[in-house]
Amino acid sequence: MKSTGLLIAAAVLAALTGTLYWSDHHKAADTTATPVDAAPKILAVKDSDLSKIEIKKKGAEEIALAKNEAGKWRITAPASLAADQDAVSSMVSSLSSVNSERVVEDKASDLKPYGLTDPALEVDIATKDGKSQKLLLGDDTPAGNAVFAAAFGDPRVFTIATYTRTSFDKGPNDLRDKRLLTADFDKISQVELTAKKQSIEFGRNKEAWQILKPRPLRADNFTVEDLVRRLKDAKMDLAAATGADEKKLAAAFASGTPVATAKVTDAAGTQELQIRKDKDVYYAKSTAVSGIYKVANDLGTGLDKNLDDFRNKKLFDFAFDEPNKVEVHDGSKAYFLTKGGSDWWSNGKKMDDATVQSLIDKFRDLSASKFVDSGFTTPLIDLTVSSNDGKRTEKVLISKSGDNYIAKRENEPSFYQLDSKPVEDLQKSAADVKPAPEPAPPATGKAAPATKK
């Protein structure tokens, strides 16, 4: 009986082992097999190899683009236009690898039911080795979330996502370079602005801007950089820039009120942008591109500034650099502070860091409420700051003028009117500077005597 049971168990074990072996091997085969409706690529080409693109849309002008020897794309039809390199590169990236969702037919005998006999959109591409491919996009699928597609010469019919079609369904305005100034703004050396009956010229020294005309003045770097950014981002509104509307745009510009004229200069030369306003609409004309265009209102308002808008109203340039020395002469009072290591010292005494930093912050806060041509008299307050490891020393003299104060930087002709509060706050902070607390005496290590109860 025992031997019979062992034989039966061995037979069952062998059967289970064989079944498991068969199951494992057939699972592997099933997972590696390619389904009939798999999603292969329709087009596959390196985007760097593409040299020409043609977009043919039913009921619209054909668009052609070509890449020059420098690797830059340009629109060649319906007109020769500069291309938006980012927009074209995005489309090229999509074209280089067009993935289908699934195969509808392996060998379609009739393309008409899919709208591919006369496709709604055809995209022809050519590579630098002279080879070409055509992508045909037909009707939407019944569900509406995909499009029938085919590659010319391939008998298969595919579906692709509608958002993929959107990547290729472009018009000239989608791919055109809309910049009104094409200068290399990373390398511009000079900017000129004529607005509010004033002409201002800015020059850049490394990353800092200075006002050169109408006279040398300190510039507010942030405000000048904002002007440069607006000029760099100035773009044409192409919604009404073609056909009969071109005449209307030209007429509106001709009759408009001049707002500003800006010039930017880089190594390649100078480009000019004129802004005019007709009613509540701003129009632009550039030497970099032909035509008159509507522009965003914030471009017009951003350029409509006067000289004082670009001047540096801060009395000190050390900003958030840590000073090395600070001096305050306020009438008969005088304060001398020197940085040694991480500590501040005055007359051999270590000073309280919090009160010194409060005073330095008041130096940073000194800013003109406006610029004036006169009013500076006998100085009452004399401020000196040394920073940048002693390489920069700034000195400011302040005099009283009615309810306000007039300040003057050493070796500069400009006068800065100051409100009374920031000056009085500085005077108070100077008076509040105090020595650092004495360190606590070291512990003796003796236990405190017990308290009798």
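Here K434 is the anchor, and the aspartates and glutamates within straight C-alpha reach of less than 19 Å, apart from those fewer than 8 places off in the same chain, are E327, D330, D343, D352, D353, D361, E424, D425.
Residue-normalised convex hull volume from the C-alpha trace of region 211-354: 202 Å³ per residue. Selection among Y293, P379, A260 by position relative to the dipole of the chain gives P379 as farthest towards the positive end (Cβ unit charges, Cα centre). Can you list the DSSP H helices in the chain whose Cα atoms extend at least 24 Å along the helix axis and whose mean Kyte-Doolittle hydropathy is -0.5 or higher? Membrane-span-like by this criterion, though nothing is claimed about a membrane: 2-32. The convex hull built on the alpha-carbon positions of region 179-240 has an orientation-averaged projected area of 5.1 nm². So what's the net charge close to D177: Lys and Arg +1, Asp and Glu -1, counting the other residues with Cβ under 12 Å from its Cβ? After counting each charged neighbour, the total is +3. What a 1.4 Å probe finds exposed on region 99-145 is 45% carbon and sulfur by accessible area, rounded to a whole percent. First check a/c for region 323-404, with a ≥ b ≥ c the square roots of the eigenvalues of its C-alpha gyration tensor; if it is under 1.5, answer rounded, and if not, answer prolate when a/b is larger than b/c or oblate otherwise. Verdict is prolate for region 323-404.
On a per residue basis, the chain carries 58 Å² of accessible surface, using protein heavy atoms and a 1.4 Å probe.
Quick check on region 233-310: take the gyration tensor over C-alpha atoms, sort the square-rooted eigenvalues as a ≥ b ≥ c, and tell me if it's rounded (a/c under 1.5), prolate or oblate. Oblate shape, in that a/c is at least 1.5 and b/c is the bigger or equal ratio. List the pairs from K41/K112; K58/K277; K170/K294; K52/K277; K197/K247; K391/K428 whose alpha-carbon separation is above 31 Å, in the order I gave them. Check vs 31 Å cut-off fails for K58/K277; K52/K277. Both radii come from the Cα set of region 94-148: Rg as radius of gyration, Rh as Kirkwood radius; their ratio Rg/Rh reads 1.00. Sparsely packed loop sites in region 132-212 (the GluC sites (Glu not before Pro) outside DSSP H, G, I, E and B with at most 15 other Cβ atoms within 10 Å) comprise E207. Spatial offset of region 369-447 relative to region 283-322 amounts to 32 Å, using the alpha carbon center of each. The alpha-carbon of K131 sits under 15 angstrom from the alpha-carbons of these aspartates and glutamates, leaving out residues fewer than 8 places away in its chain: D47, D49, E54.
For the chain, what percent of Cα pairs sit more than 42 Å apart? In whole percent, the long-distance tail amounts to 52.
Between the listed residues L43, T338, P214, the Cα displaced farthest toward the positive end of the dipole of the chain, a dipole computed from Cβ unit charges relative to the Cα centre, is found at T338. The packing ranking, built from the mean of other Cβ atoms within 10 Å per residue, places the peptides 394-400, 71-77 in the order 394-400, 71-77, highest first. Less than 5 angstrom separates the built amide H of D352 from those of K434, A436, all sequence-distant by 5 or more or on a different chain.
Before rounding to the nearest 500, sum -39500 (n - 2.57) across all DSSP H runs of length at least 4 in the chain and divide by the residue total; then give [θ] at 222 nm in deg cm²/dmol. Result for the chain, helices only: -7500 deg cm²/dmol.
The values are calculated or read from the model by the stated rules, or taken from the named source; none is laboratory data. This one's a predicted model, so the numbers in the text were calculated from it and none came from an experiment. All Cβ positions, glycine included, derive from the backbone under ideal geometry; neighbour counts span all protein chains shown. With ligands, DNA and RNA removed, areas are computed over all heavy atoms of the protein, side chains included. Shrake-Rupley method; radii C 1.70, N 1.55, O 1.52, S 1.80 Å.
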